[in-house]
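Here is the structure we will look at.
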Amino acid sequence: MIQFAHKEILWFLSAMLLMLVGYGLYWRHRRRSLKRMGDPRLMEVLMPDASVSAHHWKFFLLFMGTTLLIVAASGPRVGSKLEEVETKGREIIIALDVSNSMLAEDIKPSRLERSRQMINRMVDRMSNDKVGLIVFAGDAYIQIPITDDYPSVKMFLAGAGPDMVSKQGTSIGAAIKLAARSFSSYGDEETRGRVRPSQAIVVITDGESHEDDAVGEATKAAERGIRIYTVGLGDPNGVPIPVRPGSNSNRRDREGQVVVSKLNDKLLKEVAAAGNGAYIAGDRISSLEDELEQLEKRDISTRVFSDFAERFQYFAGFALLFLFLESMIRSRKNPILKRYNLFKTEK
């Protein structure tokens, strides 16, 4: 795991983009100026020592050297020693519905995209908590086990969609069952039967579940001290489902009728009540965050890097090498190398 002791210095890398743009504008102006002076082929004859490639190489080496110096100044370092530490936090598993109905656009840009935005916001507000991600449609799958690696959660979340599940549908019960089994304390005989008010499952869906006993699974989870929160997305009156995001064509059933997806908030309220949690409408994400903040925090064992090995010297070394080579390259053709035509062909 790489970290930077002075992350703010990395902002100077944005100036390197301006350097690229400036170099491009310089050569554009240079070419136009030469054209105004005369035929470019004639100018090459009049300036035999001019070397375009030398200019490009000098800029490349200067650009790379400066970039590496900025990275070196930011203090890159690699974790070299892991240590178990006890912190106060919660365990939250998010079950995200990725069925085709989540592509409906009654919530802009779509139910699924809005769900991703909600989860990203939740993760950004977490501190010392552990979070896991489950995706479900006709069945449920663990996308990322419960962890405190928030960047990984957000990375896996970006790829969550209908294409990653082989069975369509909306099996909320299967998602709750899998989530309950995914907590770190599941199966621990010492904690079996104890109330764990620091664990919660957040189900984000449109609620169109007709395949299993979601309320029953929520009840079983509540018996283990796990709270269930449901977030409902969609229009209760129903809207068509596009074939793909942004498409003007809608999905149709075998009879050729347009498939309409409705928010089933009644079921989601029943699931939340059975799970001793709360139902949250999709446009009230702040309410969900407030509910999660009320969860009791408990001791959580977390592995963190307690010692780091500095790596700035490697970046600095290559930077100095590139800058040295840049200073050795002449802007004109080398008179010694010019004597040798390596690509000369015999007539």
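The values are calculated or read from the model by the stated rules, or taken from the named source; none is laboratory data. Everything quoted here is computed from the prediction, not taken from an experiment. Cβ coordinates were reconstructed from backbone atoms using ideal geometry, including for glycine residues, and neighbour counts include every protein chain displayed.
Checked against the criterion of being modelled with pLDDT of 85 or more and more than 30 Å from GLN3 (Cα to Cα), the candidates LEU325, LEU337, LEU263, LEU321 yield just one match: LEU263.
Considering (1) in a loop (DSSP other than H, G, I, E, B); (2) touching a Leu at 6+ places or on another chain (Cβ under 7 Å); (3) modelled with pLDDT of 85 or more, the lone condition that SER209 does not fulfil carries the number (3). Among the residues of the stretch 178-190, are any at pLDDT 90 or above and exposed (fewer than 14 other Cβ atoms within 10 Å of the Cβ)? Yes. For the stretch 147-168, the criterion of being loosely packed, with under 15 Cβ neighbours inside 10 Å, in contact with a strand residue (DSSP E or B) (Cβ under 8 Å, 6 or more places away or on another chain), in contact (Cβ under 8 Å) with a residue 12 or more places away in the chain and assigned to a strand (DSSP E or B) is met by at least one residue. Just a yes or no: is a residue in the stretch 115-124 touching a strand residue (DSSP E or B) at 6+ places or on another chain (Cβ under 8 Å) and over 22 Å from LEU288 (Cα atoms)? No.
Residue pairs whose Cβ atoms lie under 7 Å apart, separated by 6 or more positions or on different chains, with the first residue in the stretch 237-258 and in the same structural domain as GLY161 (by TED's automatic domain parsing) and within 19 Å of ASP163 (Cα to Cα) and the second among the small types (Gly, Ala, Ser) and not in a loop (DSSP other than H, G, I, E, B), are ILE241/SER101; ILE241/SER261. Per the conditions (1) modelled with pLDDT of 90 or more; (2) touching a Leu at 6+ places or on another chain (Cβ under 7 Å), the sole criterion not satisfied by VAL215 is (2). On inspection, VAL71 qualifies as in contact with a strand residue (DSSP E or B) (Cβ under 9 Å, 6 or more places away or on another chain), outside the structural domain of LEU292 (by TED's automatic domain parsing) and closer than 22 Å to PHE4 by Cα. Does THR219 satisfy being surrounded by fewer than 19 Cβ atoms within 10 Å (Cβ to Cβ), closer than 24 Å to ILE92 by Cα and of a type in the set (Val, Ile, Thr)? Here the answer is yes, as THR219 does meet what is asked.
When the stretch 242-271 is filtered for residues that are of a type in the set (A, V, I, L, M) and under 16 Å from GLU208 (Cβ atoms), the ones remaining, listed by number, are VAL258, VAL259, VAL260, LEU263, LEU267, LEU268, VAL271.
Is it the case, given these coordinates, that GLU296 is closer than 24 Å to VAL131 by Cα and under 25 Å from the mean Cα position of the chain (by Cα)? No: the conditions fail for GLU296.
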